[in-house]
Amino acid sequence: MIRAQIENLNSMPVNVNILNGIQNILPVQVERRLQLEYSTLVDGYKKSELREASGLGLFILSSVPTDKAEPNESLKANTVWFTGLEDATILLSARQLERFRRGLAVRQETDVRGVRGAYFLQSEIELAPGSGKTWYIVADLNKDHSDVAALSDFLTSRPNFQQRIEDAILNDSERLKTKIAQADGCQLTDDAFNNFRHFSNTLYNIMRGGIFDNGYLVEKDDFLRFLQTANRDTAQKYGPVLDGLPGQLNVNDLLQHIPAPDPNLERLASQYLPLTFSRRHGDPSRPWNQFSIELKDEQGNKKLDYQGNWRDIFQNWEALALSYPEYLEHMIAKFVSASTADGYNPYRVVRDGFDWEVVDPADPWSHIGYWGDHQIIYLLKLLELSHKYHPGKLQSLLSKAIFTYANVPYRIKPYHDILQDPHNTIDFDFELDDAIHARVQARGTDGKFICLEDGGIYHVNLLEKLLVPLLVKFSNFVPGAGIWMNTQR
């Protein structure tokens, strides 16, 4: 959304001819790679339409580019509309901008094809001394036919758009403040600068690590969805029993309702974190960074989700744990079960498991490896907080076999091979990668963990999980130099 405002600060009335809007609007179904590699080709498929009665702009593809001899229709549109300007002329491309710059008249565009879309408003405004004018341009994504029809009817009815928009902004601002307050981001001291700094730091922390949707309350339906995605056999076995739980229950009561000592069910309940508002860290200008904040599903229902690069999400959770210490052991369980049997961690943690990088010979940015420089300290901080808030809790987990190992398809080369070439120390196991994905399709995301011969998950206790990374660091310790970082990261 764009909010634009112009104000006459003179003592005399003025007439202003303005042109304001959005340039280079992408249609739906232009994926990242298609745009990066075939943008000129995509331009030829672009189609921009205007519904004049409502001022609704539609940005679509005439068809989805393909080299196959088959129909490939694009059935959704990105939309743009405005409110606040009277008698505005709407342009759907940048072709008339030079005419406007020269002071010439422009004509409304209703159907533009084969060029990059835009949504510009041109209007002449008369402003009395001290008066102003405010208008809004609103864009939305991924609308189907029924969405477009409903939006067009809504715009044609001409309700008080501006007041609705301003009310929505105020409401969303309050909701955002509530999320920050849930992470103890609102403080009042005699140093206003520090108050603002703490507020913004907390905002960016929860945008990475997320915030718990409803404090310590867990929604039964969301936990059942989590269980179904992770392990379909376990969900089928215990689903009818768990379905009898209350609609909401305290997170500390969740483990108490486990119907039988089952390591799979107890492991998944121990790792469950009802987080929302989280996204991966990353500079979007870097081609390997892709992330989004998933707040709703395709039906518009609330969606709990989190994702993060390993280093970033756990340091954010360290801060979040100060506000929600009862989730500490869940964070620790997520951490240790996502580490590998050779003592390292995959590069990204998500609600439904973890991800690893895959070798792509056609992509010069493609690279694999393990980060090991920060692994111990983040786990240590979570362990220290658990010891502080829950003395004795860790000791009870040391011998409890409800943890497992991530089965990342990397194979660290033998020591003598590493000595020969310390810059190429890991092979990607394509066969194992295919087998893991086949297990995930068949059973759920638990297929990414190391399995026994019978297909069951290989479980270990917390003591083993703590010893493995420690021993790996010792095995790479060089006296007088430090720990040898030899895993390509």
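What about Leu75, is it hydrophobic (A, V, I, L, M, F, W, C), in contact with a His (Cβ under 8 Å, 6 or more places away or on another chain), exposed (fewer than 13 other Cβ atoms within 10 Å of the Cβ) and in contact (Cβ under 8 Å) with a residue 12 or more places away in the chain?
Yes: the conditions hold for Leu75.
Of the conditions (1) surrounded by 16 or more Cβ atoms within 10 Å (Cβ to Cβ); (2) farther than 14 Å from Thr340 by Cα; (3) in contact (Cβ under 8 Å) with a residue 40 or more places away in the chain, Ser399 fails just one. Which one is it?
Checking Ser399 against (1) surrounded by 16 or more Cβ atoms within 10 Å (Cβ to Cβ); (2) farther than 14 Å from Thr340 by Cα; (3) in contact (Cβ under 8 Å) with a residue 40 or more places away in the chain, the one that fails is (1).
Please find, among Pro361, Pro325, the residue that is touching a helix residue (DSSP H, G or I) at 6+ places or on another chain (Cβ under 8 Å), farther than 16 Å from Thr276 by Cβ and not polar (S, T, N, Q).
Being touching a helix residue (DSSP H, G or I) at 6+ places or on another chain (Cβ under 8 Å), farther than 16 Å from Thr276 by Cβ and not polar (S, T, N, Q) holds for just one of Pro361, Pro325, which is Pro325.
Determine which single condition Ile6 fails, assuming it passes every other condition in (1) assigned to a strand (DSSP E or B); (2) more than 28 Å from Val106 (Cβ to Cβ).
Of the numbered conditions (1) assigned to a strand (DSSP E or B); (2) more than 28 Å from Val106 (Cβ to Cβ), the odd one out for Ile6 is (2).
Filter the stretch 442-463 down to residues that are assigned to a helix (DSSP H, G or I) and without any contact (Cβ under 8 Å) to a residue 60 or more places away in the chain and give me whichever is farthest from Gly343 (Cα to Cα).
Taking the stretch 442-463 and keeping what is assigned to a helix (DSSP H, G or I), we get 442-443, 445-448, 462-463.
Within this subset, residues satisfying the condition of being without any contact (Cβ under 8 Å) to a residue 60 or more places away in the chain are 442, 447.
Details: Ala442: 27, Gly447: 19 Å.
Checked the stretch 442-463; the qualifying residue farthest from Gly343 (Cα to Cα) is Ala442.
Conditions (1) modelled with pLDDT under 95; (2) out of contact with any helix residue (DSSP H, G or I) (no Cβ under 8 Å at 6 or more places or on another chain); (3) hydroxyl-bearing (Ser, Thr, Tyr); (4) assigned to a loop (DSSP other than H, G, I, E, B), marked per residue:
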| site | (1), (2), (3), (4) |
| --- | --- |
| Asn10 | yes, yes, no, yes |
| Asn24 | no, yes, no, no |
| Val30 | yes, no, no, yes |
| Asp43 | no, yes, no, no |
| Phe59 | no, yes, no, no |
| Ser63 | yes, no, yes, yes |
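Take the residues in the stretch 465-489 that are without any contact (Cβ under 8 Å) to a residue 40 or more places away in the chain and assigned to a helix (DSSP H, G or I), then tell me which one is surrounded by the fewest Cβ atoms within 10 Å (Cβ to Cβ).
Phe474
Could you check the stretch 430-471 and list, in sequence order, the residues that are hydrophobic (A, V, I, L, M, F, W, C), under 27 Å from Ser396 (Cβ atoms) and under 32 Å from the mean Cα position of the chain (by Cα)?
Those that are hydrophobic (A, V, I, L, M, F, W, C), under 27 Å from Ser396 (Cβ atoms) and under 32 Å from the mean Cα position of the chain (by Cα): Phe449, Ile450, Cys451, Ile457, Val460, Leu462, Leu466, Val468, Leu470.
I want to confirm something. Restricting to the stretch 419-435 and keeping residues that are in contact (Cβ under 8 Å) with a residue 24 or more places away in the chain, in contact with a strand residue (DSSP E or B) (Cβ under 9 Å, 6 or more places away or on another chain) and surrounded by 11 or more Cβ atoms within 10 Å (Cβ to Cβ), which single residue is farthest from Tyr378 (Cα to Cα)?
Ranking the qualifying residues of the stretch 419-435, first place goes to Leu432.
Answer with yes or no whether Arg102 is over 32 Å from the mean Cα position of the chain (by Cα), charged (D, E, K, R) and surrounded by fewer than 12 Cβ atoms within 10 Å (Cβ to Cβ).
yes
Which of the residues belonging to the stretch 348-380 are in contact (Cβ under 8 Å) with a residue 60 or more places away in the chain and under 17 Å from the mean Cα position of the chain (by Cα)?
Of everything in the stretch 348-380, those that are in contact (Cβ under 8 Å) with a residue 60 or more places away in the chain and under 17 Å from the mean Cα position of the chain (by Cα) turn out to be Arg348, Arg351, Asp352, Gly353, Phe354.
The values are calculated or read from the model by the stated rules, or taken from the named source; none is laboratory data. Computed from a predicted structure; not experimentally measured. Backbone-built Cβ (ideal geometry, glycine too); neighbour counts: all protein chains shown.
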